[in-house]
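Take a look at the structure below.
The values are calculated or read from the model by the stated rules, or taken from the named source; none is laboratory data. Just so it is clear, the model here is predicted, and its values are computed rather than measured. Here the Cβ is made from the backbone with ideal geometry for all residues, glycine too, and neighbour counts use every protein chain on show.
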Amino acid sequence: MEADLMNVSRRRLLQQASLLALLAPGAQSRLRLALPQQRQQKPPDNVYTRLGVRPLINAAGTYTALSGSLMPPEVRAAMAEASRHYVSIDELQAAVGKRIAELLGVEAALVTAGAAAAMTLGTAACITGKDPDKIKRLPDTRGLKNEVIIQKSHRFPYDHAVRAVGVTLIEVETRQQMEKAINERTAMMLFLNYADPLGQVKRAEFVEIGKKAGVPTMLDAAADLPPPSRLSEYTRMGFDLVCFSGGKGLRGPQCSGLLLGRRDLIEAAYLNGSPHSDSIGRAAKVGKEEIIGLLVALELYLQRDHQAQWKEWQQQVAFILQSVADVPGVTKAEMFVPPIANETPHARIQWDEKVIPLKQRDVANRLLEGEPPIAVRPSSEDAPVIEVAVWMLQPGEYQLVARRLREVLTKGA
């Protein structure tokens, strides 16, 4: 299985080239399906609409503010089954952690209440180890190792989850600065996977520095699936701890996450959180339903035909691009793949503001104000460009997105 997962990213290079064929004149007839006809849609009656909340079409991606992703039926069924029984959380976490570690070929694993919780627990583990007195003291880190080294270009809002443990972030830029910053107070080194291109010290070198100094390294890769190979790639590279979200690409429970890595640190991370009452991570409780739900989501993810799914996403992007390419004023309709996070085929549409006097925020707002609401990928609000993700769409929704995009751009012309 591992070899198959590693091959996905290589296959993708070939699959991306196939989009050109999908958009070629000879292929357009195969894609020229009739767009859904415009009609007044009454919001369906459900638990959200009864509260006055409008469910939306997610053409943005796995953003927490948009409730992440949707769980497959198998995950929902497993969580419902889990909810019908009592169980020892100690036993369950140990069993599920062992199963996940076996699936991914990592030393140890822990299900957490999201990737941010994984970062908090991982940081705490690097400070306290399994010492119960130190665990009870956090976030009071006086006299303990309480500095975390991070590249200045890797600072991000979610490093609050690390700072909450009571540490000070030490910003550096060069390798020389990083090595000089390491001292007896250094508890951990933090790396933001998404920011790898921005920093002077890249992943492999970062790990090398940490190993040489005997300092644990933690990598935040919360939204960095697909490709599936990343689930084991970074621990093989040498990172001591790696954090993933469970409710994004894995399509597990939104309030779940994964902490992977060294057995001693994973065990210490567990002691720093729920169900242990006097711990820094007690507030980040993960229930039996989420633990089981994430395990099943991970199993399904590893069994999925990722090559076929990628091709389907490409076809949906091609359909959307074709549907707006002939709108007067549209100057470019192209596929792109974001680097690292939400790394799947997306549609990008640009237009001439002299013909279509709209900006990104105008198009995005009109899509969101319609029925059903459509959320698109965040991008520069003042630019004449809109970006659309397809990988979180439900069956058939890409056609509706295409029709609504064409309608908004045509009316704006």
remark   = Reported set for the stretch 207-224 where residues are surrounded by fewer than 23 Cβ atoms within 10 Å (Cβ to Cβ), free of Cβ contacts under 8 Å to residues at least 40 places away in the same chain and closer than 30 Å to residue 249 by Cβ is 207, 208, 209, 211
query = Is it the case that residue 86 is surrounded by 13 or more Cβ atoms within 10 Å (Cβ to Cβ), of a type outside the set (Gly, Ala, Ser) and either assigned by TED's automatic domain parsing to the domain that holds residue 281 or part of a helix (DSSP H, G or I) (or both)?
reply = no
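Look at residue 279 and say whether it is in contact with a Leu (Cβ under 8 Å, 6 or more places away or on another chain) and assigned to a loop (DSSP other than H, G, I, E, B).
Judged against the criteria, residue 279 is a match.
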query = Does the stretch 157-184 hold any residues that are under 17 Å from residue 122 (Cα atoms) and not in a helix (DSSP H, G or I), and which are they?
reply = 164, 165, 166, 167, 168, 169
message = Cβ-Cβ under 8 Å, sequence separation 6+ or interchain: first residue in the stretch 369-398 and closer than 15 Å to residue 345 by Cβ and not assigned by TED's automatic domain parsing to the domain that holds residue 343, partner at pLDDT 95 or above and not in a loop (DSSP other than H, G, I, E, B). Which pairs?
response = none
task = Name, by its number, the condition in (1) touching a helix residue (DSSP H, G or I) at 6+ places or on another chain (Cβ under 8 Å); (2) touching a residue at least 24 places away in the same chain (Cβ under 8 Å); (3) over 30 Å from residue 140 (Cα atoms) that does not hold for residue 343.
result = (1)
Candidates 318, 269 - the one that is part of a helix (DSSP H, G or I), out of contact with any Gly (no Cβ under 9 Å at 6 or more places or on another chain) and buried (at least 23 other Cβ atoms within 10 Å of the Cβ) = 318
task = Select from the stretch 280-304 the residues that are out of contact with any Pro (no Cβ under 9 Å at 6 or more places or on another chain) and farther than 16 Å from residue 89 by Cα and write down the one among them that is surrounded by the most Cβ atoms within 10 Å (Cβ to Cβ).
result = 298
Qualifying residue in the stretch 232-254 (condition: within 20 Å of residue 103 (Cα to Cα), among the polar types (S, T, N, Q) and part of a loop (DSSP other than H, G, I, E, B)) = no
key: Evaluation of residue 354 against (1) under 27 Å from residue 64 (Cα atoms); (2) in a loop (DSSP other than H, G, I, E, B); (3) at pLDDT 95 or above (one fails), failing number   = (1)
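What residue, among those in the stretch 130-140 that are out of contact with any Leu (no Cβ under 7 Å at 6 or more places or on another chain) and in contact (Cβ under 8 Å) with a residue 40 or more places away in the chain, is surrounded by the fewest Cβ atoms within 10 Å (Cβ to Cβ)?
Per the stated criteria, the residue is 132.
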ask   = Can you name the residue in the stretch 179-201 that is farther than 22 Å from residue 157 by Cβ and crowded, with 18+ Cβ neighbours inside 10 Å and, of all such residues, is nearest to the chain's Cα centre (by Cα)?
value = 186
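Just to be sure before I move on: is residue 343 within 26 Å of the chain's Cα centre (by Cα), assigned to a strand (DSSP E or B) and acidic (Asp, Glu) in the structure I sent?
The answer is no for residue 343.
Just to be sure before I move on: is residue 204 surrounded by fewer than 19 Cβ atoms within 10 Å (Cβ to Cβ) and either in contact (Cβ under 8 Å) with a residue 24 or more places away in the chain or part of a loop (DSSP other than H, G, I, E, B) (or both) in the structure I sent?
It is true that residue 204 is surrounded by fewer than 19 Cβ atoms within 10 Å (Cβ to Cβ) and either in contact (Cβ under 8 Å) with a residue 24 or more places away in the chain or part of a loop (DSSP other than H, G, I, E, B) (or both).
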